[in-house]
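> Before I ask anything, here is the structure I am working with.
The values are calculated or read from the model by the stated rules, or taken from the named source; none is laboratory data. In this text, all values refer to a predicted model and were calculated from it rather than measured experimentally. Glycine also receives a Cβ, built like all others from the backbone with ideal geometry; neighbour counts cover every protein chain displayed. What goes into the accessible areas is simple: the full protein's heavy atoms, side chains included, and nothing from ligands, DNA or RNA. Shrake-Rupley method; radii C 1.70, N 1.55, O 1.52, S 1.80 Å.
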Amino acid sequence: MMDFTPHIVAFCCENSAYRAVDIAGAKQEGYPSNIQLCRLPCSGKLEINHILRAFEEGADGVFVFACHPDSCKFLKGNVRASKRIEHTASLLEKIGLEKERLRFFHLSELEWAAFLEAVRQGNESIKSLGPSPIKVR
Amino acid sequence: MDSQVKIGIFFCACGHIMNDYFDMKVLVDYAGRISGVSSVDENRFLCTRSGLDWLKTKISQSGCNRVVIVGCSPYLYEQTFMKVLEEVGLNRYFLAIANIREGCAWVCQEKENLMTRAKQILSSAVKRAGFAKPVEKVQKEINQSALVIGAGLTGIQMALELQQLGIRPILIEKKPQVSRKNPPFFIPTTQKINEREMFSSKIRELRDSEVELLTSTELKKVAGTVGSFQVILDTLGKEREVVVGSIIVSTGSESKVGGRFADLPNSRRIVSLSELKDMFDFERRTLERMLITADKRTKYACFVLGECEAYTKTNTIMALNEAIKLKEKFKAEVMILAKDISVSGIELEALYRQARERGVLFYRYAEESLPEISLEKGVITVSLTDPALHTDQAEKSRPVTIQSDLLILEDEIYPHEGTDLLRDALQVNLNEWGFFQEKNIHLKPNLSNKKGIFFAGSCQGERDIYETLNDVRSVAMGVYSYLSGKSLVLEKKVEINTDKCALCLTCLRSCPHKAIKVGDVGAGQKWGAQVIVEACQGCGICVGECPAKAIEMINYSDNQIFSELSFEG
Amino acid sequence: MIVAEQKEISEIINMVGDHNNILVVGCDTCVTVCLAGGAKEAAILSSALRLAYRVKGKEITVEATTIERQCEIEFVDALEPILKRKDLVISMGCGIGVQTIAERFPQLLVVPALNTKFLGLPEKQGVWVERCQACGQCVLDKTGGICPISRCSKSLLNGPCGGSQNGKCEISKDTDCGWHLIYERLKTLGRLESLEEIMPVKNWSTSRDGGPRKVIREDMCL
Amino acid sequence: MKVGSRLEILLRQGKFVATAELGPPKSADLELIKKKASILRGYADAVNITDNQTAIVRVSSIAAGKIALDEGLEPIIQMTCRDKNRLAMQGDVLGAYILGLKNLLCLSGDHQSFGNHPQAKNVYDLDSIQLVNMVRDMRDKKVFECGEEIKNTKKSEILEPRMFIGVAANPFGDPFEFRVVRLAKKIKAGADFVQTQCIFDLPKFKRYMEMVTDQGLHEKVSILAGVMPVKSFRVLQYMKNNVAGMSIPDELIRRMKAAEDPKAEGVKICVEFIQQVREIPGIHGVHIMAVEWEAIVPSIVQQAGLYPRPDVQ
């Protein structure tokens, strides 16, 4: 597989992942710097066209970080997010983008280590998929 | 972007940290060239008092109307900077933070990417600030009272402490009366505390206080939000509404014989730990009959632990306490069978040592050889193989058989009946074992996911008496922080454009906080969905759902989100 | 309301073909309410189309807009200024919307993004069910307010066929037997005896069977 | 006598009748119809010719019925509301009549989703009760559904089709209490005879018949109880799980499962059922539904003591 640095957008719920990312930063552990963060009040706020827009802007991968099941501050936000993401993934596949470019993770606000693991592993999986076929040439 | 927008960018060098990572001159230069930016300034320590004063002056001088702070994590000083904005007369949401410390400097391992990422973060923040809209503030009267659900030790103590803080408590209890006959389920950690006496004295204290106690009363419905919850209470079928500023759940937990032996035949000689505790207090004679007889034969009492789970703290504490009491009062031979005894907690190591010193025998059994219990003609036989008991290296451990006069089994601790209903009424979360779930077990152990609703005591799971009292103290402070003032300022974070609203009711159905109403928007206007500001928690789920794009979360607009999706810098 | 469902994106892409300046038009009425073709769906579809073509290495222009009601010429008029240079309109309205736009702009190719399904209501969020077939001659007064035309798979008028069991229709265990519902409702209303009457042969000419239909209200005609 | 068909005559005479079923082939196989007819000849008083049974395309019931008639059988033409509108139905009634077919069974028909053309548009212009009413009016009032008299020109003679009208009844469908009401409606609409859905649950059927006799419906119409020989317990199990409106006791499935020779057991059960339904007040005959197993009918008729069939004077 060709080596390239993918563009990745990570949508983060500010009640969990956004905080975990922050702690990871404070720990100075380092994570792939090509991950661009987008702060959301809740993963349930994430809209399908935000994900599509990220791909249009040239993202090679989109990660969504939500709270653990049954632990959403807003009760059902993460459930709504997971359903929307499932729907978006199938849409991506139908329009010729690998659905693996869209990934969904559960994270609590203290799980900075899990965040690091997720982005490292996610980064690798996007790398192995190669650059997004829609990248502006 | 609005042409009226003038963005001021303020760099914080964080002492000298930033200079260690970035070529600040290049960044400042870059910032100055982003469209919409009217001024760029630098400071060594923005978060210091002098730094903040400097910021205030600079904002006023530069005439900017949007502020981007380039520095550390928004979790650290976002609120502080928002305050500064308010002080200079800007809306607190006209702020964006470009977190290049936790978000860049300390992240990038490859030096060559540092500047690119920093520019990216900076340009996103500037765009985001450019699209910022003012968030309207709504003042709300506060009701300086609190509803405490469940008059156990926790609930009573809670009500008493709140009253001391000047918050009027209403204490409700499902049972017809609060008495020491119906003891709550909680565990003292040492022999020094007699929880029943403690409870009795609390009941007396309660009677002497002005706390409003409503027995045979349950919570039916809750509306509203912190500062003003409208609660429907049901007292023996009669409903009444009360308005309280905060709600504290202290419903406790229940216990029953759990584990493998839950189905053993009924016998007076087989009891659960909590039953044994009750017998000490109320049925001493029965115990005496079982454990003291004329024949001078040694009497045996045997505890079996580790059936429900490998280790539950409350069961261990209770077993140690009761074992010591049996030993002291009846001179019985007392044995504790367990997979493991762990005694982490205040004074627990001492309790264990005390038990050993008094001659309580501890047997260990392994997962693969669980103790067997049989009951024949009233005789209880317990047999187990302790891996530590073998006479010879080569020889296998010999089984131990105990004929016991009293068998004590573990309690399974489970959430109080009705917890599910209460969860639904309060719209809070339960954890995987069905107990109320704290917002964050380490950082916010007593907060629920909803502002103004708290949990205390064993409704959250196992608690010993110290932990329970700690809960009470921290919740009391939490309630006080909300209700000490006269009013509460709420922010209207979500806006519905009724012209675009198709009245599809999707938001009404999907809002987890019931913060949407549909009706007359105002005199002479058409119907539309509206946000109930007091109930809105600002999650934006309705925005995600609205098919007409009629709902906007003011500082998470499409444009602002798109600001963070482009790759440049 | 009219309930519609989005077509498979592949089918829409086929309709787009070689066109490269496209307007996606949502409708603010029924199809917004049934979550098939409102502003949000229009934005998603246009983004998806742009992406789909970029995957194939082609840049196309896709814009999205919505209008109040695609089934009114006056509202459709509003599209005129943005239609310049557009070579294809994808309507996210119901079948009526597609036709109204096509009728108003006969030079323009208009294609549907939705399949118009039926007249119905959301049974719960995300689930819609049929309630009316617009037969043109309502019998709900005789059937306890439950429509046998739309809710019985065979549109029977004289009670359930032999395939009714446990309240379900013979075509599927997920489908309620319309006549069972009617029976239960009439029982509740204490009007079971009305089922003993033979309902006469239905006049289907008021339905689609009578040809394209028209309603004229003389006094309202200008 | 309304029609004078063999079936009508036997029922009038109070004979316990036995009818059978002949499923037309799924191809233009004339010989198969003839072969099935020759098996049934002499063993059934009348034979139902199914109409695109279970919504699968077959030789039309009227064409197959005409062949069967020529082969010496007395056909009962089945007609469903699924495939034809009132024009086609009335045309077919006229056509069937002039071909010498005198019995017509009016059915709703299985929904097309069961068959081999699930994408077809169904018709259901009429329902089965309305069909009965229409055919009765054609016979007794001598008018078409629209009210026009059945004649060629104003001056010509009325020549109406005279059909002995049958209906189906499912005693096991739901709502159970409504089943008798529905039967009464069918009688009111003009049914002359009734063939029931095949019976496996005798106690439930008896309850149904009690309600029927209580209302005196058995005096207004001839009721033939449906029975079905099955080849294996799997057939029963399949019907229990997949065929709507069936009541099949588990005990029966167990009995079939335990049988050494399931086919023989199936026949034995069928014969037992015939003997038992014969005892139920208000039953005027049996309808043996040996679906795709016509060859077994003679043996069932013989074992049930129903052979030879009576002659019509």
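> Find all pairs meeting these conditions: Cβ atoms under 7 angstrom apart; at least six residues apart or on different chains; first residue within segment C:190-210 and touching a residue at least 60 places away in the same chain (Cβ under 8 Å) and under 15 Å from D:GLN130 (Cβ atoms); second residue open to solvent by 40 Å² or more (accessible area, probe 1.4 Å) and among the charged types (D, E, K, R).
Partner pairs satisfying both residue conditions: C:MET199/C:LYS142.
> Failed condition for D:GLN78, given (1) in contact (Cβ under 8 Å) with a residue 60 or more places away in the chain; (2) within 14 Å of another protein chain (Cβ to nearest Cβ); (3) surrounded by 22 or more Cβ atoms within 10 Å (Cβ to Cβ), with all others met?
If we test D:GLN78 against (1) in contact (Cβ under 8 Å) with a residue 60 or more places away in the chain; (2) within 14 Å of another protein chain (Cβ to nearest Cβ); (3) surrounded by 22 or more Cβ atoms within 10 Å (Cβ to Cβ), just (1) comes out false.
> Here are the criteria: (1) away from every other protein chain (no Cβ under 14 Å); (2) surrounded by fewer than 20 Cβ atoms within 10 Å (Cβ to Cβ); (3) touching a residue at least 40 places away in the same chain (Cβ under 8 Å). Tell me which single one B:GLN427 does not satisfy.
(1)
> Same structure, new question: Quick one: which of B:GLY152, B:GLY71 is crowded, with 23+ Cβ neighbours inside 10 Å, assigned by TED's automatic domain parsing to the domain that holds B:ASN446 and small (Gly, Ala, Ser)?
Details: B:GLY71 fails: assigned by TED's automatic domain parsing to the domain that holds B:ASN446.
Sole residue among the options that is crowded, with 23+ Cβ neighbours inside 10 Å, assigned by TED's automatic domain parsing to the domain that holds B:ASN446 and small (Gly, Ala, Ser): B:GLY152.
> I would also like to ask the following. Tell me which residues, restricted to segment A:96-137, are assigned to a loop (DSSP other than H, G, I, E, B) and open to solvent by less than 10 Å² (accessible area, probe 1.4 Å).
Going residue by residue through segment A:96-137, those that are assigned to a loop (DSSP other than H, G, I, E, B) are A:96-98, A:107-111, A:130-137.
Within segment A:96-137, A:LEU97, A:LEU107, A:GLY130, A:SER132, A:ILE134 qualify.
> For segment D:151-161, give me each residue that is touching an Asp or Glu at 6+ places or on another chain (Cβ under 9 Å) and surrounded by 18 or more Cβ atoms within 10 Å (Cβ to Cβ).
Selection gives D:GLU160 alone.
> Could you please let me know if C:GLU184 is among the charged types (D, E, K, R), surrounded by 14 or more Cβ atoms within 10 Å (Cβ to Cβ) and at pLDDT below 95? Outline the logic, then answer.
Details: among the charged types (D, E, K, R): yes; surrounded by 14 or more Cβ atoms within 10 Å (Cβ to Cβ): yes; at pLDDT below 95: no.
No: the conditions fail for C:GLU184.
> For segment D:40-90, name all the residues that are among the charged types (D, E, K, R), in a loop (DSSP other than H, G, I, E, B) and farther than 20 Å from D:ILE296 by Cα. Full working, then the answer.
Quick first cut of segment D:40-90, residues among the charged types (D, E, K, R) only: D:41, D:45, D:51, D:58, D:66, D:70-71, D:74, D:82-84, D:86.
With the extra rule that they be in a loop (DSSP other than H, G, I, E, B), the set shrinks to D:41, D:45, D:51, D:58, D:71, D:74, D:82-84.
Within segment D:40-90, D:ASP51, D:ARG58, D:ARG82, D:ASP83, D:LYS84 qualify.
> Exactly one of (1) within 11 Å of another protein chain (Cβ to nearest Cβ); (2) open to solvent by 40 Å² or more (accessible area, probe 1.4 Å); (3) more than 28 Å from D:ARG136 (Cα to Cα) is unmet by C:SER172. Its number?
Condition (2) is where C:SER172 drops out.
> Now, a different point. Residues in segment C:179-186: is at least one part of a loop (DSSP other than H, G, I, E, B) and within 12 Å of another protein chain (Cβ to nearest Cβ)? Steps first, answer last, please.
Within segment C:179-186, the first condition is being part of a loop (DSSP other than H, G, I, E, B), and the residues that meet it are none.
For segment C:179-186, residues part of a loop (DSSP other than H, G, I, E, B) and within 12 Å of another protein chain (Cβ to nearest Cβ): absent.
> If I filter segment C:44-60 for residues that are over 30 Å from A:ARG101 (Cβ atoms) and in contact with a helix residue (DSSP H, G or I) (Cβ under 9 Å, 6 or more places away or on another chain), do I get at least one hit?
Narrowing segment C:44-60 to residues over 30 Å from A:ARG101 (Cβ atoms): none.
Within segment C:44-60, none of the residues are over 30 Å from A:ARG101 (Cβ atoms) and in contact with a helix residue (DSSP H, G or I) (Cβ under 9 Å, 6 or more places away or on another chain).
> A follow-up question, please. Just a yes or no: is a residue in segment B:151-174 polar (S, T, N, Q), closer than 30 Å to B:LYS492 by Cα and touching a residue at least 60 places away in the same chain (Cβ under 8 Å)?
Filtering segment B:151-174 down to residues polar (S, T, N, Q) leaves B:154, B:157, B:163-164.
Remaining after also requiring closer than 30 Å to B:LYS492 by Cα: none.
The answer is no; no qualifying residue exists.
> Quick one: how many residues across segment B:336-369 are open to solvent by less than 60 Å² (accessible area, probe 1.4 Å) and either in the same structural domain as B:ILE465 (by TED's automatic domain parsing) or of a type outside the set (Phe, Trp, Tyr) (or both)?
Pass one, segment B:336-369, residues open to solvent by less than 60 Å² (accessible area, probe 1.4 Å): B:336-339, B:341-343, B:345, B:348, B:350-352, B:354-355, B:359-360, B:362-363, B:365-366, B:369.
Right, trim to either in the same structural domain as B:ILE465 (by TED's automatic domain parsing) or of a type outside the set (Phe, Trp, Tyr) (or both) and you get B:336-339, B:341-343, B:345, B:348, B:350-351, B:354-355, B:359-360, B:366, B:369.
So the answer is 17.
> Follow-up. If you scan segment A:1-59, which residues turn out to be in a loop (DSSP other than H, G, I, E, B), open to solvent by 40 Å² or more (accessible area, probe 1.4 Å), farther than 20 Å from B:ASN449 by Cβ and not aliphatic (A, V, I, L, M)?
Result: A:ASP3, A:THR5, A:HIS7, A:LYS27, A:GLN28, A:GLU29, A:GLU57.
> Let me ask something else about it. Do the conditions hold for D:GLN215, that is, is it modelled with pLDDT of 90 or more, over 18 Å from C:GLN165 (Cβ atoms), open to solvent by 60 Å² or more (accessible area, probe 1.4 Å) and within 14 Å of chain C (Cβ to nearest Cβ)?
Details: modelled with pLDDT of 90 or more: yes; over 18 Å from C:GLN165 (Cβ atoms): yes; open to solvent by 60 Å² or more (accessible area, probe 1.4 Å): yes; within 14 Å of chain C (Cβ to nearest Cβ): yes.
In short, yes.
> So how many residues does segment B:537-560 have that are facing chain A (nearest Cβ under 7 Å) and touching a strand residue (DSSP E or B) at 6+ places or on another chain (Cβ under 6 Å)?
Count: 3.
> Now a separate question. Within segment D:24-38, how many residues turn out to be within 20 Å of D:GLN195 (Cβ to Cβ) and open to solvent by 10 Å² or more (accessible area, probe 1.4 Å)? Give the steps one after another, and end with the answer.
Keep residues of segment D:24-38 that are within 20 Å of D:GLN195 (Cβ to Cβ), which gives D:24, D:36-37.
Filter once more, so that each one left must be open to solvent by 10 Å² or more (accessible area, probe 1.4 Å): D:36.
Here the count works out to 1.
> A follow-up question, please. Do we find a residue being more than 14 Å from chain C (Cβ to nearest Cβ), free of Cβ contacts under 8 Å to residues at least 60 places away in the same chain and closer than 30 Å to D:GLY4 by Cα anywhere in segment D:220-239? Show your work before the answer.
Taking segment D:220-239 and keeping what is more than 14 Å from chain C (Cβ to nearest Cβ), we get D:220-225, D:227-238.
Among the residues that remain, those that are also free of Cβ contacts under 8 Å to residues at least 60 places away in the same chain are: D:220-221, D:230, D:232-238.
Of the ones still in play, those that are also closer than 30 Å to D:GLY4 by Cα are D:220-221.
Looking through segment D:220-239, at least one residue is more than 14 Å from chain C (Cβ to nearest Cβ), free of Cβ contacts under 8 Å to residues at least 60 places away in the same chain and closer than 30 Å to D:GLY4 by Cα.
> Kindly check whether there is at least one residue in segment D:115-133 that is in contact with a Leu (Cβ under 6 Å, 6 or more places away or on another chain), buried (at least 24 other Cβ atoms within 10 Å of the Cβ) and in a helix (DSSP H, G or I).
Of the residues in segment D:115-133, the ones in contact with a Leu (Cβ under 6 Å, 6 or more places away or on another chain) are D:127-128.
Filter once more, so that each one left must be buried (at least 24 other Cβ atoms within 10 Å of the Cβ): D:127-128.
Checking which are in a helix (DSSP H, G or I) leaves us with D:128.
Yes, the conditions are met somewhere in segment D:115-133.
> Every residue in segment D:1-21 that is assigned to a loop (DSSP other than H, G, I, E, B), over 22 Å from D:VAL227 (Cα atoms) and more than 16 Å from the chain's Cα centre (by Cα), please.
Pass one, segment D:1-21, residues assigned to a loop (DSSP other than H, G, I, E, B): D:1-5, D:13-16.
Pick out the ones that are also over 22 Å from D:VAL227 (Cα atoms) and you get D:1-5, D:13.
The answer is D:MET1, D:LYS2, D:VAL3, D:GLY4, D:GLN13.
> Quick one: is D:ALA37 more than 20 Å from D:SER113 (Cα to Cα), touching a residue at least 40 places away in the same chain (Cβ under 8 Å) and either part of a helix (DSSP H, G or I) or among the aliphatic types (A, V, I, L, M) (or both)?
Details: more than 20 Å from D:SER113 (Cα to Cα): yes; touching a residue at least 40 places away in the same chain (Cβ under 8 Å): no; either part of a helix (DSSP H, G or I) or among the aliphatic types (A, V, I, L, M) (or both): yes.
When the stated conditions are applied, D:ALA37 does not pass them.
> Further, regarding this structure: If C:GLN137 passes every condition in (1) within 24 Å of C:ARG213 (Cα to Cα); (2) open to solvent by less than 20 Å² (accessible area, probe 1.4 Å); (3) more than 7 Å from every other protein chain (Cβ to nearest Cβ) but one, which one does it miss?
(2)
> On to the next question. Hand me the list of helices (runs of 4 or more DSSP H) wholly inside segment B:451-569 holding 2 or more residues that are buried (at least 22 other Cβ atoms within 10 Å of the Cβ) and not hydroxyl-bearing (Ser, Thr, Tyr).
On the way: elements: B:465-483, B:506-510, B:541-545, B:558-563.
Ranges flagged: B:465-483, B:541-545, B:558-563.
> Let me ask something else. Got a sec? Which of D:GLU8, D:GLU21 is within 20 Å of D:VAL291 (Cβ to Cβ), among the acidic types (Asp, Glu) and crowded, with 16+ Cβ neighbours inside 10 Å? Explain how you work it out, then say what you get.
Working: D:GLU8 fails: within 20 Å of D:VAL291 (Cβ to Cβ).
Result: D:GLU21 is the single residue among D:GLU8, D:GLU21 that is within 20 Å of D:VAL291 (Cβ to Cβ), among the acidic types (Asp, Glu) and crowded, with 16+ Cβ neighbours inside 10 Å.
> Right, something else. Is there a residue being farther than 22 Å from B:GLN120 by Cα, of a type in the set (Phe, Trp, Tyr) and crowded, with 17+ Cβ neighbours inside 10 Å anywhere in segment B:29-46?
No.
> Oh, and also: Going through C:THR143, C:THR116 one at a time, which residue ends up being crowded, with 19+ Cβ neighbours inside 10 Å, polar (S, T, N, Q) and either farther than 22 Å from C:GLY38 by Cα or touching a Phe, Trp or Tyr at 6+ places or on another chain (Cβ under 6 Å) (or both)?
C:THR143
> May I ask you to list the residues in segment D:124-133 that are under 13 Å from D:GLN90 (Cα atoms) and facing chain C (nearest Cβ under 7 Å)? Give the steps one after another, and end with the answer.
Looking only at segment D:124-133, we keep the residues that are under 13 Å from D:GLN90 (Cα atoms), and these are D:125-126, D:130-133.
The answer is D:ASP125, D:LEU126, D:GLN130, D:ASN133.
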